[in-house]
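Shown next, in structure tokens, is the structure this report addresses.
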Amino acid sequence: MRWLVIALLTAVPLAAFAAGGSPDESFYKSAAEAGMGEVELGNLAAQKSSDPKVKDFAQTMVKDHSAANEKLRALASSKDISLPTGAGAANTMTKGKLEVLAGGAFDKSYIKGQVKAHVDTVALLHKEIASGQDADAKAFARSVLPTVQGHLKAARAIAAEQTGKT
């Protein structure tokens, strides 16, 4: 049970730890789980959200993360690195939590999760850029970092609107 709590709090770092192998292989696997989670949660939010800004944000998550996932999948395949086939336990639990919410409660919970997920992903990308040994993984991290930072900025802006803080 304890690992489930840890998984909720540290989705990307837990995936990196659990992935095993080289640090670069862990990066590939962590990035893949995070990306698949973004697509799954984005699809859910695009369907369930009552806020047009949240719906638009969710659709952007699906589009951008689907594209990044394809690039990552091709890169990993070229290096014989097997990627996870699902979004991982933490994303599955988050999706389950969101599925029972509706309206403003759904929107706030989704966006709060998006802020955390993107903070974690920015940290993962910075770590790979700074200390990765695989030049292709580092290049991938560099290429997607500005997009992920843009997502984080957008999620924070929506969160600020939801709470009335600017």
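Figures for the structure shown
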quantity	calculated
Residue satisfying condition, being surrounded by 14 or more Cβ atoms within 10 Å (Cβ to Cβ) and under 15 Å from the mean Cα position of the chain (by Cα), within set Leu125, Leu101	Leu125
Residue check for Ala58: assigned to a helix (DSSP H, G or I), within 17 Å of His118 (Cβ to Cβ) and at pLDDT below 95	no
Test: residue in segment 42-50 that is under 16 Å from Thr92 (Cα atoms) and without any contact (Cβ under 8 Å) to a residue 40 or more places away in the chain	yes
Single residue of Thr85, Thr92 found to be surrounded by fewer than 16 Cβ atoms within 10 Å (Cβ to Cβ), assigned to a helix (DSSP H, G or I), touching a helix residue (DSSP H, G or I) at 6+ places or on another chain (Cβ under 9 Å) and at pLDDT below 95	Thr92
Filtered residues of segment 26-69 (kept if more than 17 Å from the chain's Cα centre (by Cα) and surrounded by fewer than 20 Cβ atoms within 10 Å (Cβ to Cβ))	Gln47, Lys48, Ser50, Pro52, Lys53
Flag for Ile111 being assigned to a helix (DSSP H, G or I), out of contact with any strand residue (DSSP E or B) (no Cβ under 8 Å at 6 or more places or on another chain), surrounded by 15 or more Cβ atoms within 10 Å (Cβ to Cβ) and of a type in the set (Val, Ile, Thr)	yes
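The values are calculated or read from the model by the stated rules, or taken from the named source; none is laboratory data. Fair warning: this is a prediction, and the values are worked out from it, not measured in the lab. When we count neighbours, we look across all protein chains shown, and the Cβ atoms used for this are built from the backbone with ideal geometry, even at glycine.
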